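The values are calculated or read from the model by the stated rules, or taken from the named source; none is laboratory data. If you're wondering where the values come from, they're calculated on a predicted model, not measured in any experiment. Neighbour counts are summed over all protein chains in view; Cβ atoms, including those assigned to glycine, are modelled from backbone coordinates with ideal geometry.
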Amino acid sequence: MAEQNLIRMDNMGIVVESLDKAVAFFTELGMRLEGRTVIEGLWSGRVTGLGDQQVEIAMMITPDGHSRLELSRFIRPDVISDHRNAPVNALGYLRTMFTVADMEDTVKRLATHGAEIVGGIVNYQDIYKLCYIRGVEGLLIGLAEEIGKNR
């Protein structure tokens, strides 16, 4: 069975235009920069199917050490499409969700990096506060704050 073969999810990757701005945004959210490097050459292009590529990556890690976000900036080949401002009901990458201790404070701090709330902050059955924000480069980010029974 497939689930017996799966060990863990290592990370989620997002391609960005400005690695510096993305690192600053996710650092403000509470993630820590684990490392930053340039990956290049035919070996890496064989993995992605892009051939001879050069990509600068930054690996961000959550405070609990369990989740990572790989931010990538392609130097070559050129980026060929842009889905950053796709609506919530678009196919493909939708959003990544983070649990925060204080929703209002988090939204306020991320606003200094250009983040805007998509709809509103809602109370889900007195268990969670939830919202979507458009973060750095228009990326859709979900935020959840545990407020009730499951806390």
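Of all residues in segment 74-113, those being more than 13 Å from E17 (Cα to Cα), outside any loop (DSSP other than H, G, I, E, B) and of a type in the set (K, R) number 2.
Each residue in segment 135-146 was checked for being within 11 Å of the chain's Cα centre (by Cα) and either part of a strand (DSSP E or B) or closer than 19 Å to A101 by Cβ (or both), and 4 pass.
Scanning segment 1-35 for residues that are within 10 Å of the chain's Cα centre (by Cα) and among the polar types (S, T, N, Q) turns up just one, N11.
Within segment 101-117, the residues that satisfy the criterion of being within 22 Å of G13 (Cβ to Cβ) and surrounded by fewer than 18 Cβ atoms within 10 Å (Cβ to Cβ) are H113, G114. Filtering segment 70-85 to residues that are among the aliphatic types (A, V, I, L, M), at pLDDT below 95 and under 25 Å from M9 (Cα atoms) leaves nothing.
For the condition within 17 Å of E137 (Cα to Cα) and not hydrophobic (A, V, I, L, M, F, W, C), what is the one hit in R68, R73, R46?
None of the others qualify; the one that does is R73.
Taken across segment 133-146, residues that are out of contact with any strand residue (DSSP E or B) (no Cβ under 7 Å at 6 or more places or on another chain), at pLDDT below 95, at positive phi and assigned by TED's automatic domain parsing to the domain that holds V15 do not occur at all.
What's the total number of residues in segment 122-151 that are over 27 Å from D82 (Cα atoms) and touching a helix residue (DSSP H, G or I) at 6+ places or on another chain (Cβ under 8 Å)? Here the count works out to 2.
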